[in-house]
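Chemist: I am attaching a structure below and will ask some questions about it afterwards.
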Amino acid sequence: MNPREGELQDANAFVFKMLKECVQMGASDVHIDLVLDGQGQFGFKLRYRVDGECQDASFSSDIKLYRGIVNKLKLDANLKIDERRLPQDGRISFELEGKIYNFRLSFMPNTIRNAQEEKIVLRQMADIKKSNLYDLGIMDHSIKLLEESITYPFGFICVTGPTGSGKTTLLYALLQQIDRVKKNIITLEDPVEAEIPLVNQSQIFHRINYDFAAGLRVILRQDPDIIMVGEMRDEETANKAFEAANTGHLVFSTLHTNTAASTITRLLQMKVPFYFISSSLKFVMAQRLIRRIEPKTARKHPDEKNVLDAIEKAFEGTASKVRGLYEAARKEATLLTPQEGIEGTGYKGRLAILEIMKIDDDIRHIINFENGNEDKIQTTAVKNGMLTMQQYGYLEALRGVTTFEEVNNAIRSQ
């Protein structure tokens, strides 16, 4: 056996073990970082992102093994092995116990000790079987609004949130609730994370100038009823998506904004005409993922009275329906926090906290005649019955599903 064959065998074993651990741990991402350890030794570190937080798994100073891993992953993803100067993206599949798992790969140039190397990130892609609207743990109050959003014959539905907040999972869940036999659904995605039966999914390829805007230029010739645009990254894409919504199509897409109200500000900044927004925007759904508390390691919150007082303040002046949700949850409140001195974090798994803003006549008036004033839109939406992301999180904390502190950490990141 020559040295190269030995390196590849070691790399194969490492990659198999790495992906197996990722699946078993429920990690969303795997990082392979080039680092210097505490003694200045050059090597690579393996990290997993579990429940939104990265955790170290191992360190190795075997650079030959690192290069073997790079080559192994690039070969599997049909990428250029000899290209280290430019970023590369690809995808691979991994089979474990008869089940196929898909991963998206990203290689990014990384300079360390004046040498050009690459940082590697693998993201576990959406499992379509887990993208069922009624299995995501969403509150009934919000489920009804989500169900309403897909009943429109035309219009625009926008899902917002940071990277890794579950936007694609929510979009996939919504698409699966639509009659895909009677409707022609076409998506533009980068990448296609999971294949949905009876949905026409188109993969974006920037290297050949097939981007979201280019896809939207031709998609209307495919006789679509419903269009899903993976992300609105530029003015041209945003404008063409709204043009499609204004010409009799139901369009779903995503943006990176912190709140539902700030989405309208962002659309105006992207030079989408205010009359397009007011006439076609139907719903904006903002969301975050927060950690679930592990029941086995939970205890009663030691500062329960002050926490309950703080939650009470968050629901002051809200619409009667929202107030009713709070009062029902308060009656059976179970405020928990992780026990001290336990092994691990005291959290396991994640859930979404949502803020769903329905665009009503009052909000349309603000868009049309008050330059889409963000503060007024927020105030009006709350007055008219919007459950804010903070309030949604606090209701989950009252139910004992998560903690008051975890909700605050997510909201502070806005």
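Each reported figure results from applying straightforward, stated rules to the coordinates on display, with no laboratory input. Just so it is clear, the structure is predicted and the values come from calculations on it, not from any experiment. Ideal geometry is used to build each Cβ from the backbone, glycine not excepted, and the neighbour counts take in all protein chains shown.
Chemist: Please turn the phi angles of region 203-216 into ³J(HN,Hα) values with the Karplus equation 6.51 cos²θ - 1.76 cosθ + 1.60 (θ = phi - 60°), one per residue in order, whole Hz, x for glycine and proline.
Modeler: 8, 6, 10, 5, 4, 10, 6, 9, 10, 4, 5, 5, x, 5
Chemist: Right, something else. If I model a spin label at LYS313 and TYR210 as a point 7 Å from the Cα along the Cα→Cβ vector, what separation in nanometres do I get?
Modeler: 5.4 nm
Chemist: Would you work out the relative contact order for region 62-142, in percent, from Cα pairs under 8 angstrom that are 6 or more residues apart?
Modeler: RCO, region 62-142: 18 percent.
Chemist: Non-local amide H neighbours of ASP51 (under 5 Å, H modeled in plane, Pro and chain starts lacking H): which ones?
Modeler: For ASP51, the qualifying residues are SER28.
Chemist: Distance between the C-alpha centers of region 168-198 and region 95-163? Whole Å please.
Modeler: Between the Cα centre of region 168-198 and that of region 95-163, the gap is 13 Å.
Chemist: With a point put 7 Å past each Cα toward its Cβ, work out how far ALA115 is from LYS64 in nm, to one decimal.
Modeler: Result: 1.3 nm between the two label points.
Chemist: Projecting each Cα onto the charge dipole of the chain (Lys/Arg +1, Asp/Glu -1 at the beta carbon, about the Cα centre), which of ASN371, LEU387, PHE242 comes out farthest on the positive side?
Modeler: PHE242
Chemist: Let me know the charge dipole size of the chain about its Cα centre in debye, to the nearest 20, where only the beta-carbon of Lys, Arg (+1) and Asp, Glu (-1) is charged.
Modeler: Computed about the Cα centre, the dipole is about 260 debye.
Chemist: For labels at ASP82 and LYS331 in the simple 7 Å Cα→Cβ model, what's the distance in nm?
Modeler: Taking the two extended label points, one gets 7.3 nm.
Chemist: Give the calculated FRET efficiency between ASN408 and GLU195 to the nearest 0.05, with a Förster radius of 41 Å applied to their Cβ-Cβ distance.
Modeler: Efficiency, from the Cβ-Cβ distance: 0.60.
Chemist: Suppose R0 equals 41 Å; then what is the FRET efficiency for GLU97 and LYS271 from their Cβ-Cβ distance, rounded to the nearest 0.05?
Modeler: That pair, GLU97 with LYS271, gives E of 0.25.
Chemist: I would also like to ask the following. Mean residue ellipticity at 222 nm from the helices of the chain, using -39,500 (n - 2.57) per DSSP H segment of n ≥ 4 over the full residue count, to the nearest 500 deg cm²/dmol?
Modeler: Calculated mean residue ellipticity at 222 nm is -11000 deg cm²/dmol.
Chemist: Once you have the Kirkwood Rh of region 3-124 from its Cα pairs, apply Stokes-Einstein at 4 °C and 1.567 mPa s and quote D in µm²/s.
Modeler: Here the translational diffusion coefficient equals 88 µm²/s.
Chemist: While we're here: Per-residue HN-Hα couplings for region 100-114, Karplus 6.51 cos²θ - 1.76 cosθ + 1.60 at θ = phi - 60°, whole Hz, x for Gly and Pro?
Modeler: 9, 10, 10, 10, 9, 10, 9, 10, 10, x, 9, 9, 9, 6, 6
Chemist: If you don't mind, another one. Residue by residue through region 387-392, what is 3J(HN,Hα) from phi via Karplus (6.51 cos²θ - 1.76 cosθ + 1.60, θ = phi - 60°)? Round to whole Hz and write x for glycine and proline.
Modeler: Per-residue couplings from phi come out as 8, 6, 4, 5, 4, 4 Hz.
Chemist: Of LYS144/LYS271; LYS182/LYS240; LYS72/LYS348; LYS17/LYS129; LYS144/LYS331; LYS64/LYS348, which pairs sit farther than 30 Å apart, going by alpha carbon to alpha carbon?
Modeler: LYS144/LYS271; LYS72/LYS348; LYS64/LYS348
Chemist: Report which label in [x] 1.00; [y] 0.95; [z] 1.02 holds the value of Rg/Rh (Cα atoms, Kirkwood Rh) derived from the coordinates of this structure.
Modeler: [x]
Chemist: What FRET efficiency comes out for the pair GLU304/MET108, r = Cβ-Cβ distance, R0 = 41 Å, nearest 0.05?
Modeler: 0.35
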